[in-house]
1. What spacing in nm lies between the two simple spin-label points modelled at B:Thr44 and A:Ile75, each 7 Å away from Cα in the Cβ direction?
2. Taking 0.36 nm per residue of separation and subtracting the Cα-Cα distance, what length does fully extending A:Thr140 through A:Asn153 add?
3. How well do other chains shield peptide B:32-45, expressed as the mean number of their Cβ atoms within 10 Å of each residue Cβ?
4. Where only protein heavy atoms count, and the probe is 1.4 Å, what is the accessible area per residue for chain B in Å²?
5. Can you tell me the order of A:153-160, A:277-284 when each peptide is scored by its average per-residue count of other Cβ atoms within 10 angstrom, highest first?
6. Would you mind getting me the FRET efficiency between A:Lys268 and A:Asp165? Use the beta-carbon distance for r and R0 = 25 Å, nearest 0.05.
7. For each pair in A:Lys146/A:Lys412; A:Lys146/A:Lys268; A:Lys327/A:Lys440; A:Lys241/A:Lys327, compute the distance between the two Cα atoms and list the pairs where it is over 27 Å.
8. At a probe radius of 1.4 Å, figure out the A/B buried accessible area, summed over both chains, and give it in Å² to the nearest 100.
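The values are calculated or read from the model by the stated rules, or taken from the named source; none is laboratory data. These numbers were taken from a predicted model, which means no experiment stands behind them. Glycine gets a Cβ as well: all are built from the backbone with ideal geometry, and neighbour counts include every protein chain shown. With ligands, DNA and RNA removed, areas are computed over all heavy atoms of the protein, side chains included. Shrake-Rupley method; radii C 1.70, N 1.55, O 1.52, S 1.80 Å.
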Amino acid sequence: MPLPSSKRRQRPISGPKSQVQGSARTRVLRRRQPLPHSPHIPAPSSLVSIPPQGSHDGALSQIESLLESILDAVINGADLVIPYQTARSSPGVSPAASGAGGARQMTTEVVKFPGRNIQEVKRFDALLRILELSHEALLTGNLITKRNIYYQNTELFRSQSAVNDMVDNLAFTLGVGRGDLNIVAAARGLIAGPIDVMMRNGATVHYGHGLSGGNGNLIPPINSVDKVDFHNTRWLLVIEKEATFRTLANSGYSSTSRAGHGILVTAKGFPDLVTRRFLSTLHSVRPQLNVFALVDFDPHGVSILRTFQYGSQRLDHEENVTLPHLKWLGIRSLDIMSRSSIIMSHSLQDPQSGDSQTSQEFSSQGSLAYPLGSSDDERPAKRPKYNYPRDSNESVAPLTRDDRKKAVSVMKQICGERGFDSAGLEQMQELQRMLMLNVKAEIQTVDNFGDIADWLDERLSV
Amino acid sequence: MSKQYLTAHTVDQAHPTEIFSLAPTPTSLFSASGSSALRIHATTDPTFPLQQTIPNAHKLGCHHVCTARGGAGYVAATVGFGGEIKVWKCKDKDGNLGGEWALQWEMTPSSNGGKNAATNAPGRGRGVGGDVWAIALSTDESFLACTTSDGRIHVWDLAGRECIQTYETGSSGGGSFAMAVDLSRDGRLTASGHESGAVYVFNNDAGRLVYSLSGLAKPIRAVAFSPGGKLLAAAGNAGIIALYSVEHGEHVGNTKPSSDRPAWIMSLDWNDTGDYLLSGALDGRVKVWDPTRGICLATHSETDGALWSVRWLPRNERALAPGMSKGEMFCAAGASRSISFYREATGS
């Protein structure tokens with residue numbers, strides 16, 4: 001594979017690299033050599049500070065004044081009140097457009113004790129408990145997970161999703177991000193790559209090329225991060241599927257990529273807030289790091305891509321969580337349409353074709369036919385069972401009814417924004433193609449017996 | 001024997017995004033694309049000028065446009081990606097036929113599946129499940145057939161604006177996606193092609209299935225009755241065209257594949273005399289076929305981008321311009337966003 005050196009942006013690659021390329025042509029075992037570090041060209045500093053984010057003080061003082069007002073009410077015998085807005089966005093409103101709460105409907109509520117009914121009493125109790133836990137967390141500087149909150153009193157909180165909703169709505173009411181309350185979700189996203197992360201508590205995590213055991217690859221909450229040393233990394237790839245991430249990380253792709261050193265990230269599917277905030281911050285402190293996304297070619301994949309780019313409606317009030325510069329690397333329609341193994345290739349599977357194709361004449365062939373006869377011998381027309389045809393490549397499949405509905409709903413979302421940009425146009429076109437062809441394809445479509453490295457090399461290098 | 005065709009003209013960048021469907025009238029050509037506007041180009045002028053643009057026709061883009069094959073050319077129907085069907089009529093100020101195209105009526109998705117009249121009212125007819133995909137107009141421009149992703153075919157009476165027929169091909173909404181539909185020119189028959197590879201023919205007068213045709217195991221993306229109504233052509237992912245006798249319901253043969261790996265055929269069209277079949281495929285090639293012998297007479301391509309739609313232009317007795325031949329013409333469009341016009345090279 002020719003090295004696209006003319007397309008390299010900044011640093012010319014010296015001798016050792018071309019040796020690697022020579023051996024690459026003859027390699028059979030696909031053992032990749034880690035690329036040496038680039039020669040001594042003065043580079044901008046790879047060590048970047050993460051500015052402290054959010055308003056912890058703001059949250060703390062608001063909670064304290066709220067607790068004070070509750071105490072006062074107890075003393076004076078008045079009703080105890082917790083302000084509580086549940087933010088509901090109308091569907092189809094772009095996350096970007098509703099920053100100032102423009103198109104959103106908000107139920108401005110308070111939760112009182114004594115309440116109107118038993119539900120309100122329980123809700124007050126639950127909210128007060130959450131405030132208490134958050135207050136404690138802010139004072140000690142420790143982080144508490146939503147899971148942890150739920151397990152403090154499962155009977156009171158009823159369900160994990162109830163806790164999640166209450167925490168997010170509280171944050172929204174107080175005008176802060178969830179992280180400012182020192183409440184986080186359990187870590188879910190994974191990261192691998194030659195970077196160092198220095199935490200505010202003094203610890204340093206070196207993420208490395210591969211996967212270390214245990215929790216070594218979890219993405220930390222960005223609030224705990226003090227500095228990041230990016231070393232030589234040029235790109236960051238967000239991958240939808242954990243399995244693909246693991247394969248690449250295990251093979252050390254972050255350092256063996258032809259596109260230079262890079263960082264691999266996965267949120268294991270639908271992006272969570274911690275991963276999104278982490279990525280958004282990384283990009284804002286190091287804009288020269290190219291960020292790419294690798295998702296399945298299906299409506300769900302596009303939805304994941306857009307959530308990374310623009311955020312989700314429910315968590316629209318959170319700041320520093322978007323990544324509008326995220327580029328859609330794949331899987332795209334051209335990956336399916338240009339690969340001869342998929343759309344172009346069909347061994348003639350028509351069971352009746354036989355060898356009549358050698359002549360240029362037709363042979364008359366029988367078929368299942370139910371001719372319209374007289375009413376005497378007419379049979380009710382039988383409706384034959386059908387099988388969804390399985391393409392020769394198992395990673396390509398027809399869209400389901402739900403897939404199609406999802407595609408249309410994502411398209412409506414894209415069109416809802418006032419004058420969508422080139423990324424939105426690109427996504428519209430791909431979704432239209434998806435619907436026209438009625439196919440979806442997984443990331444596995446472009447791999448070579450499970451090895452996606454070659455395909456990535458080509459795409460990341462452009 | 002092969003035929004010669006020359007590129008007569010190309011309308012470059014006819015749409016800002018790729019073109020998914022074409023439909024000719026005797027004097028013009030409708031084109032629909034991924035962007036929200038419809039375009040109509042005049043086919044009576046050798047430069048094929050833009051005659052009319054209908055902006056904001058379908059917000060999410062339009063995937064099918066149809067006119068009546070062999071019809072007068074005053075009615076057109078379009079389907080958008082949001083599932084809405086719009087019927088257009090060409091009338092002048094006095095209400096006479098001819099002139100500018102304007103919206104006559106619209107069927108929103110919730111009303112598509114219903115049996116009763118549903119003009120713009122979000123009714124809840126039965127079978128609201130599937131989204132509308134392919135459409136076909138009858139030659140007399142009074143009936144519209146449309147298919148849905150749950151394998152149903154609905155036939156609408158345009159004057160009365162009601163659904164007069166629903167054909168089911170699977171147990172209540174479980175049918176295979178009906179990707180293609182056509183009406184015979186005499187209006188008697190409806191044909192549908194499905195993702196399962198099945199082709200069904202229904203008798204509209206009797207309102208029942210008459211043939212269930214197999215032969216292509218892969219998804220069918222286009223079906224077309226020959227003008228005389230004797231043959232039915234079907235094609236799709238298999239990359240070859242299957243031909244069926246309408247009279248006997250028999251598979252009479254397939255076209256010879258062009259290679260080991262023929263590309264998916266997305267569009268089929270018979271010419272006015274029924275002598276030639278046109279096909280457009282995802283590899284960007286448009287082919288003219290001899291249906292009786294199943295061989296390809298001519299192949300053209302402008303790019304290797306996908307061709308979504310190919311159509312013969314209705315035969316015109318007059319030449320396009322003085323000195324030009326009166327050879328038959330066809331057009332093709334797709335991912336390149338341009339519409340290419342080809343004309344038969346005749347000796348004189």
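1. 9.1 nm
2. Working: separation 13, 0.36 × 13 = 4.68 nm, distance 2.10 nm.
Result for the pair: 2.6 nm of gain on full extension.
3. Working: counts 0, 1, 8, 4, 1, 0, 0, 0, 0, 0, 0, 0, 0, 0.
Going residue by residue through B:32-45 and averaging, the value is 1.
4. Working: 11850 Å² over 348 residues.
For chain B, the solvent-accessible area averages 34 Å² per residue.
5. Numbers: A:153-160: 12.8, A:277-284: 22.4.
By packing density, highest mean first, the sequence is A:277-284, A:153-160.
6. Details: r = 22 Å, r/R0 = 0.87.
In this case the efficiency is close to 0.70.
7. Values: A:Lys146/A:Lys412 33 Å; A:Lys146/A:Lys268 19 Å; A:Lys327/A:Lys440 20 Å; A:Lys241/A:Lys327 17 Å.
Beyond 27 Å: A:Lys146/A:Lys412.
8. Numbers: alone 25000 and 14320 Å², together 34180 Å².
Buried surface at the A/B interface: approximately 5100 Å².
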